[in-house]
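> Questions regarding the structure given below will be posed in turn.
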Amino acid sequence: MLLINCPYCEDDRPELEFANAGEAHIHRPKDMADMSDEAFEAMFFIRDNPKGVILERWRHAHGCGRFFNAVRHTVSDKFLKTYMAGEPRPSDDEITELMK
Amino acid sequence: MNSTSQQAFRVKARGSRIGARSVSFTFDGKTFEGLEGDTLASALLANGVHLMGRSFKYHRPRGVLAAGVEEPNALMQISRDNSKTTPNVRASVQEIYDGMKAQSQNRYPSLNFDIGAVNNLLSPVFVAGFYYKTFKWPAVAWDKLYEPFIRRAAGLGEAPTEQDPDRYANRFAHCDVLVAGGGAAGLIAAKAAADKGKSVILCDENPEFGGWLLSDTDIRIDGQTGEEWSAEMVRQLLAMDNVRLLARTTCVGYFQQNMVVLNERVTEHLSRPNVELPRERMWQVRAGKVVIAQGAIERHMVFPDNDRPGIMLAGAAQTYLNKYGVAVGANVGVYTACDSAYAAAFDLAEEGVTIPVVIDHRDQVSDDIRAQAKEFGIKVITGAHVYCTTGKLRVNSMSIRHHKASSGSEDFEIDALITCSGWTPSLHLYSQSRGKPQWDEATRRFLPGESPQECVSIGSCNGTDELADIFVEAAEAVGGKAQKPKIEDDVPTSSGMVGATGTSADKGKAFVDFQNDVTAKDIALAVREGMHSIEHVKRYTTNGMATDQGKLSNMHGLAIAAKLLDKPIPQVGLTTFRAPYTPTTFGSFVGHARGALFDPTRKTPIHEWAVEQGAEFEPVSLWNRARYFPKAGETMDDAVDRECQTVRKTAGVFDASTLGKIEVVGPDAAAFMNIMYTNGWDKLRPGRAKYGIMCRDDGFIYDDGVVGKLSSTRFHVTTTTGGAARVLNMMEDFTQTEFPEMKVWLTSTTEQWATIAVQGPKAREIVEPLVSGVNIANEKFPHMSVAECQVCGVPARLFRISFTGELGFEINVPADYGRAVWEAVWARAEPLGACAYGTEAMHVMRAEKGFIIVGQDTDGTVTPHDAGLSWAVAKSKPDFVGKRGLQRPDLIAKGRRQLIGLKTKDPKKVLQEGAQIVADPEQSIPMKMVGFVTSSYWSGTLDQSIAMAMLEDGNARMGETLYVPMPDETIEVEVTGTVFYDPKGERLHG
Ligand SMILES: [Zn+2]
């Protein structure tokens, strides 16, 4: 069982308290009605499945209830960083640094 | 020594674990005596019994091979009674208790005579890859031939025929240092960590701590025996408050972030366990640091006919002698490639056991060992191998040959043969921690590499062979200091060999994996047939795939493959070890989570009233809901019929408290509702309610429910009973991440409100006198009204709403008043001839009106348009969840399934939900299905069966005749609209 640091509670809590909520930093445009089929497909259906670093959303469902973002390594399952929803995506340099 | 007398092989001078008390048990129905502290294997060996099982594939007679969890042969069914019976228990691990029943496995009719042994004669057809080559075609052979064969052959032992009455516990624990393994290394590390004030958990799978120190009685640590030294360490650890010692506790799994799972066997060794105790306890430990001190596992020699009962590991023989006081034979041959076997031979010789010869596969053996052997009068032959053994149910001779000799052999009569090819550092937990083992060419073994987690391997699992070195390593591993003690031992440690001995021309089967009956030739065949990675060899031959996870066989299999491939061992690869380390009961994993404790049961405030009225219940998500209220002598169909017709003629009262309820509040509440629901919420006036549909962004229906607008900033949202949590989750997702600028707050109020539905022509007459603060006359409070008022003087939210098609009200009162208000309503309803009705009648009545149930009539691929709900999808809103998805080409294409009604031509015939629909019943199989039934009921009100279905182009097929083929008949149906009752909706407005 993983330990996950909720950036709102600022505490490591057991995985049982959390729910995964899919890939992070996917932008849902406000003017969706005008999206092409291809753009909609890419936005809604197509997801990364990397062996390595993944940026994903979690919800502290049985805690504070907040959605937040995480940088996780899919091989080690190690959480390299968690940060609040709305904060920018970590840069590639920062991710490289986190992996050290 | 005489094998027919009781415990004839008991050696009184030895046996540190053994007490004086006799313990009586049965093995295959025959009564045996052992001593307290015996394992089943040691007790049987004390009675001269080696034959303990038949092998899996060839049904060859097998004896016990090991003295620990690595045992591949002596697997037993251990029983207390029909419910307390466990298959595949290792006899070398199971402690005996009075009254224990042990049964050998995989034999018919008896262990001595087994019909399945014919497989042994057929062995040329059971070669590696046999399953892949054989069980292919024709398809019909699967039913008739292959499946029965595989089922019979797959798995040993028998599952219990009754439910497990035992209790299993689950505990969480945290500690600074977890030490897995309580041998010398583990004890030192635990003590060093505890001395520094760390909280420590030390576990060992055995009943006692000390590990190998208890098997080797010649070791002296500063003058103390291993047993004395271990006992003193345990005494000191027990006296410390910061240490928890767990015996009979296996570290079965090592997961992320130092989560380690321990399986503690609490009562498995007791004759009459205290009923207060759980049978097993699963510990989930989060450790600051994990110290792996798993030790090493001895390997057997791979030579022809190396599996006859009586042939076993040398270290096991030493353990049986020194821990259990049992000699494994009277005339014991030795075949080894490792010095440690000599220690076993010398101990046995000391107790008067004849050792006719030691065959050493190596060309050299040290002068010191030669000298000791000479003292015991033991003949040592080096540079030779065993190429043949004889003996049907017990080994009785071995034939040896010098490596260089092409012929010429010597035979030795024996009643046991002990072998050792070396020791494999146990990397199971290290590998589970996702560490990558590294090959050490000097000692030809894999050792732990870097640790990806906060963990350290010490002792023989880390390749540290010298006991004096272990003292330093173990203490330093936890930041302590230690001095090397003075160690004395009769035989020093040495490395061994991996792979098969002899030549490929040797006859007989040289077993690599005993539990799965894999021979050296099988591995050679796999390599010849193109399996060049050990992962492929493993799967093709099943080497290492039995429940022992190749504890004995992996290294041999790897070495044999590497030699044939002419590659270094690390290039052929090592397979990954998986949790659990040893087979673990399901009960242990399940713990308390079964029966009534499997999931929480949610009950409404009115639940007990329904119980008192004799209602039948059904589970709906986690809720237990009243399904119907049978009167004396009524069947379910009778009760449901009566309830429906009473509601339609008079009235009924229904507990709708399980409906999900969400309070949506804030200046942007209406704007938020506009996003979340397909329809518009701006124009809805406070005091009015509306049916809403929620989609996902893909355009498929996610949930539905009636929403009341209490004020311009407050909505009372209802969801389906099962959907409340996911709807709130989705709403939260959108408020938190997509529209964080919106001023809107969400609160789950499902359990705050008790909801009482009163439905039927007399609904107003029942409710009106109880209501104050709002006029509920028809014209003042029309259908789809909502008001905050009082009911029975209690603050309430009253809806005029209907899921039955009748005049109806839903009274929401704070949950604590639920039962009182319900009873007040009932006190008015009952004298008027109304009934209480359950979910089944509710389902029938809503189907009569064509109201859908999300999740029953929809399945995650149904759009609002498919479900006939286009009227509830706003056209002018710039955005709502699902708007873009609904424009996808496939969702607007022709030929989609649409929700329609079905009437059976024979009105008495009720369709089965899920039944498929075809247009032409005469077509050949497989038929073209054009749809399926989603809801189907008998409607007593209409005196006919009614159904809803998803049907291709359903809206264009009104009036068509279609067919529902069933196993015994084909049912003719007519396509209709979905509203079967009161199509104009006049009754709602009464
Ligand atoms: Zn939190």
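The values are calculated or read from the model by the stated rules, or taken from the named source; none is laboratory data. The structure presented is a predicted model; accordingly, all values stated were derived computationally and were not measured. Please note: Cβ atoms are built from the backbone with ideal geometry, for glycine as well, and neighbour counts cover all protein chains shown. Side chains included, ligands, DNA and RNA excluded: accessible areas come from the protein's heavy atoms. Shrake-Rupley method; radii C 1.70, N 1.55, O 1.52, S 1.80 Å.
> Over every pair of different alpha-carbon atoms in region B:498-567, take the mean of 1/r and invert it; report that Kirkwood radius in Å. Before the final figure, lay out the partial values.
On the way: mean 1/r = 0.0856 Å⁻¹.
Roughly 11.7 Å, rounded to one decimal.
> Name the residues of region A:1-33 whose accessible area falls by at least 40 Å² when all protein chains are present instead of the chain alone, probe 1.4 Å?
Listed in order, they are A:MET1, A:LEU3, A:ARG28, A:LYS30, A:MET32, A:ALA33.
> Taking H placed 1.01 Å from N in the peptide plane, check which residues at least 5 places from B:SER397 or on another chain put their amide H under 5 Å from its amide H.
B:THR390, B:ILE414
> How crowded by other chains is B:727-738, given as the mean number of beta carbons from other chains within 10 Å of each beta carbon? Spell out each step's value before the answer.
Details: counts 0, 1, 6, 0, 0, 5, 6, 1, 1, 8, 12, 4.
Counting Cβ atoms of other protein chains within 10 Å of each residue's Cβ and averaging gives 4.
> Separate question: For chain A, what is the accessible area per residue in Å², given a 1.4 Å probe and the full set of protein chains? Before the final figure, lay out the partial values.
Numbers: 5690 Å² over 100 residues.
Per residue, chain A has 57 Å² of solvent-accessible surface.
> Compare B:ARG14, B:ARG528 by solvent-accessible area with a 1.4 Å probe and give them largest first, with all protein chains kept in place.
Working: B:ARG14 40, B:ARG528 175 Å².
Result, largest first: B:ARG528, B:ARG14.
> Still on this structure: Taking +1 at the Cβ of each Lys and Arg and -1 at the Cβ of each Asp and Glu, which of B:SER939, B:GLY985, B:GLY914 sits farthest along the dipole of region B:894-989 towards its positive end, judged by Cα position relative to the Cα centre?
Projecting each Cα onto the dipole axis, the largest value belongs to B:GLY985.
> Moving on. Give me the one-decimal Kirkwood hydrodynamic radius in Å for region A:61-100, with the sum taken over alpha-carbon pairs. Intermediate values should be presented prior to the final figure.
Numbers: mean 1/r = 0.0886 Å⁻¹.
Computed over Cα pairs of region A:61-100, the Kirkwood hydrodynamic radius comes out at 11.3 Å.
> Okay, moving on. Averaged per residue, what accessible area in Å² does region B:3-121 show with a 1.4 Å probe, protein chains only?
Details: 4240 Å² over 119 residues.
Spelled out: the 1.4 Å probe surface of region B:3-121, per residue, equals 36 Å².
> While we're looking at this one, here's another question. Using only the alpha-carbon atoms of region A:7-46 as identical scatterers, what base-10 log of I(q)/I(0) does the Debye formula give at q = 0.15, 0.22 Å⁻¹?
Normalising to I(0) and taking log10 leaves -0.56, -0.77.
> From the phi of every residue in region B:6-20, what ³J(HN,Hα) in whole Hz does the Karplus formula 6.51 cos²θ - 1.76 cosθ + 1.60 yield, where θ is phi - 60° and glycine or proline is x?
4, 6, 5, 9, 6, 10, 5, 5, 10, x, 5, 8, 8, x, 8
> For peptide B:942-949, compute the average count of partner chain beta-carbon atoms within 10 Å of each residue's beta-carbon. Can you show the working numbers first?
Values: counts 0, 0, 0, 0, 0, 0, 0, 0.
Counting other chains' Cβ atoms within 10 Å and averaging over B:942-949 gives 0.
> Past the 14 angstrom mark, what percentage of all C-alpha to C-alpha distances in region B:806-866 do you count?
Working: 1314 of 1830 pairs.
That fraction is 72 percent.
> Follow-up. I need the fraction of alpha carbon pairs in region B:423-502 separated by more than 16 Å, rounded to a whole percent.
Working: 1860 of 3160 pairs.
Value for region B:423-502 (Cα pairs over 16 Å): 59 percent.
> Ignoring ligands, DNA and RNA, how do B:LEU246, A:LEU16 rank by accessible area with a 1.4 Å probe, largest first? Present the calculation step by step, with values, prior to reporting the outcome.
Working: B:LEU246 10, A:LEU16 120 Å².
Greatest to least solvent exposure: A:LEU16, B:LEU246.
> If you project the alpha carbons of region B:641-731 onto the principal axes, what extent comes out on each, in Å, largest first?
Here the spans come out as 45, 30, 19 Å, largest first.
> Relative to the compact-globule scaling 2.2 N^0.38 Å, provide the ratio for the alpha-carbon radius of gyration of the protein assembly as shown.
Numbers: Rg = 37.0 Å, N = 1090, 2.2 N^0.38 = 31.4 Å.
Relative to the rule-of-thumb radius for its length, the protein assembly as shown sits at 1.18.
> Put +1 on the Cβ of every Lys and Arg and -1 on every Asp and Glu Cβ in region B:3-121; which of B:ALA8, B:LEU35, B:TYR97 then has its Cα farthest towards the positive end of the dipole?
Farthest towards the positive pole: B:ALA8.
> Enumerate the calculated ³J(HN,Hα) couplings along region B:857-871 in order (Karplus 6.51 cos²θ - 1.76 cosθ + 1.60, θ = phi - 60°), each rounded to whole Hz, writing x wherever the residue is Gly or Pro.
Once rounded to whole Hz, the list reads 8, 10, 9, x, 10, 10, 8, x, 5, 4, 8, x, 10, 3, 4.
> Let me ask something additional. Starting from the coordinates of the alpha-carbon atoms of region B:335-390, obtain the Kirkwood hydrodynamic radius over all distinct pairs and give the value in Å to one decimal.
On the way: mean 1/r = 0.0871 Å⁻¹.
So the Kirkwood estimate lands at 11.5 Å.
> Still on this structure: Counting pairs of Cα atoms in region B:277-382, how many percent are more than 22 Å apart? Write out the running numbers ahead of the final one.
Numbers: 2371 of 5565 pairs.
For region B:277-382, the fraction of Cα-Cα distances above 22 Å is 43 percent.
> Relative contact order for region B:502-558: what percent, with Cα pairs under 8 Å and sequence separation of 6 or more?
On the way: 60 pairs, mean separation 19.2, N = 57.
Answer for region B:502-558 is 34 percent.
> Once you have the alpha carbon radius of gyration of region B:760-842, what is it after dividing by 2.2 N^0.38 Å, with N set to its residue count? Could the numbers behind the result be given before it?
Values: Rg = 12.1 Å, N = 83, 2.2 N^0.38 = 11.8 Å.
Ratio of Cα Rg to 2.2 N^0.38 Å: 1.03.
> What residue among B:VAL640, B:VAL706, B:GLY463 has its Cα farthest toward the positive end of the dipole of the protein assembly as shown, where the charges are +1 on Lys, Arg and -1 on Asp, Glu, each on the Cβ?
Looking along the dipole axis, the top candidate is B:VAL640.
> Taking the Cα atoms of region B:880-990, report the difference between the largest and smallest coordinate on each principal axis, in whole Å and largest first.
50, 46, 21
> Mind checking B:282-290 for the average number of partner chain beta-carbons within 10 Å of each residue's beta-carbon? Could the numbers behind the result be given before it?
On the way: counts 0, 0, 2, 0, 4, 0, 0, 0, 0.
What the average comes to for B:282-290 is 1.
> Would you work out the charge dipole size for region B:770-904 about its Cα centre, treating the Cβ of every Lys and Arg as +1 and the Cβ of every Asp and Glu as -1, and quote it to the nearest 20 debye?
700
> In nanometres, what is the gap between the two model label sites at B:LYS436 and A:ASN5, each 7 Å from Cα along Cα-to-Cβ?
The answer from the label model is 2.7 nm.
> Report, by chain and number, residues whose modeled amide H sits under 5 Å from the one on B:THR934, excluding near sequence neighbours (fewer than 5 apart, same chain).
Excluding prolines and chain starts, which carry no amide H, the hits are B:GLY914, B:MET948, B:ALA949, B:MET950.
> How many percent of the accessible area of region B:607-667 is carbon or sulfur, using a 1.4 Å probe?
Numbers: 1270 of 2490 Å².
Summing carbon and sulfur atoms, their accessible area is 51 percent of the total for region B:607-667.
> Follow-up question, since we're still on this one. Just to confirm my numbers, what's the Cα centroid distance between region B:838-876 and region A:37-83 in Å?
Between the Cα centres of region B:838-876 and region A:37-83 lies a distance of 33 Å.
> From zero outward in steps of 5 Å, how is the percent of C-alpha pairs of region B:671-785 spread across the bins?
All Cα pairs, binned at 5 Å, distribute as 2, 9, 18, 22, 19, 13, 9, 5, 2, 0 percent.
> At a 1.4 Å probe radius, which order do A:MET35, B:MET76 fall into by accessible area, largest first? Intermediate results must be reported in sequence, preceding the final value.
Details: A:MET35 35, B:MET76 0 Å².
Accessible-area ranking of A:MET35, B:MET76, largest first: A:MET35, B:MET76.
> In chain B, how does Rg compare with the Kirkwood Rh, expressed as the Rg/Rh ratio over alpha carbon atoms? Mind showing how you got there, number by number?
On the way: Rg = 37.5 Å, Rh = 33.9 Å.
That ratio equals 1.11.
> While we're on this one: If packing is taken as the average count of other Cβ atoms within 10 Å, what order do A:20-26, B:186-192 fall into, highest mean first? Intermediate values should be presented prior to the final figure.
Values: A:20-26: 14.6, B:186-192: 28.0.
Highest to lowest by the protection proxy: B:186-192, A:20-26.
> Put one equal scatterer on each alpha carbon of region B:225-342, apply the Debye formula with no solvent term, and list log10 I(q)/I(0) at q = 0.22 1/Å to two decimals.
These q points yield log10 I(q)/I(0) values of -1.25.
> Is there a quick way to get the dipole size of the protein assembly as shown? I mean about its Cα centre, with the Cβ of Lys and Arg at +1 and of Asp and Glu at -1; what is the value in debye to the nearest 20? Walk me through the numbers before you get to the answer.
Numbers: 120 positive and 140 negative charges, 187 e Å.
Taking the Cα centre of the protein assembly as shown as origin, the dipole is about 900 debye.
> How many square angstrom of accessible surface are buried between A and B, both sides summed, with a 1.4 Å probe and rounding to 100? Show your work: numbers first, answer last.
Values: alone 6860 and 41500 Å², together 46040 Å².
Counting both chains, the buried surface is close to 2300 Å².
> How would you rank A:44-57, B:263-276, highest first, on the average number of other Cβ atoms within 10 Å across their residues? Intermediate results must be reported in sequence, preceding the final value.
Details: A:44-57: 13.4, B:263-276: 15.7.
Packing proxy ranking, top to bottom: B:263-276, A:44-57.
> Report ³J(HN,Hα) in whole Hz for each residue of region B:977-990, in order, from the Karplus equation J = 6.51 cos²θ - 1.76 cosθ + 1.60 where θ = phi - 60°; Gly and Pro get x.
Listing the rounded values in order: x, 8, 9, 8, 10, 6, x, 7, x, 6, 5, 4, 9, x Hz.
> Given charges of +1 on the Cβ of Lys and Arg and -1 on the Cβ of Asp and Glu, with all other atoms neutral, how large is the dipole of region B:627-742 about its Cα centre, in debye to the nearest 20?
Numbers: 14 positive and 17 negative charges, 134 e Å.
Computed charge dipole of region B:627-742: roughly 640 debye.
> At a 1.4 Å probe, what is the % contribution of carbon and sulfur to the accessible area of region B:498-567? Numbers along the way, then the final one.
On the way: 1440 of 2630 Å².
Whole-percent figure for carbon plus sulfur exposure: 55.
> Turning to a different aspect of this structure: Sort B:452-464, B:921-933, B:550-562 for me by packing, meaning the mean count of neighbouring Cβ atoms within 10 Å per residue, highest on top.
Order by mean packing, descending: B:550-562, B:452-464, B:921-933.
> Next question. Within region B:691-717, which residues have the backbone N less than 15 Å from the label spot 7 Å out from A:SER36 along Cα→beta-carbon, could you tell me?
none
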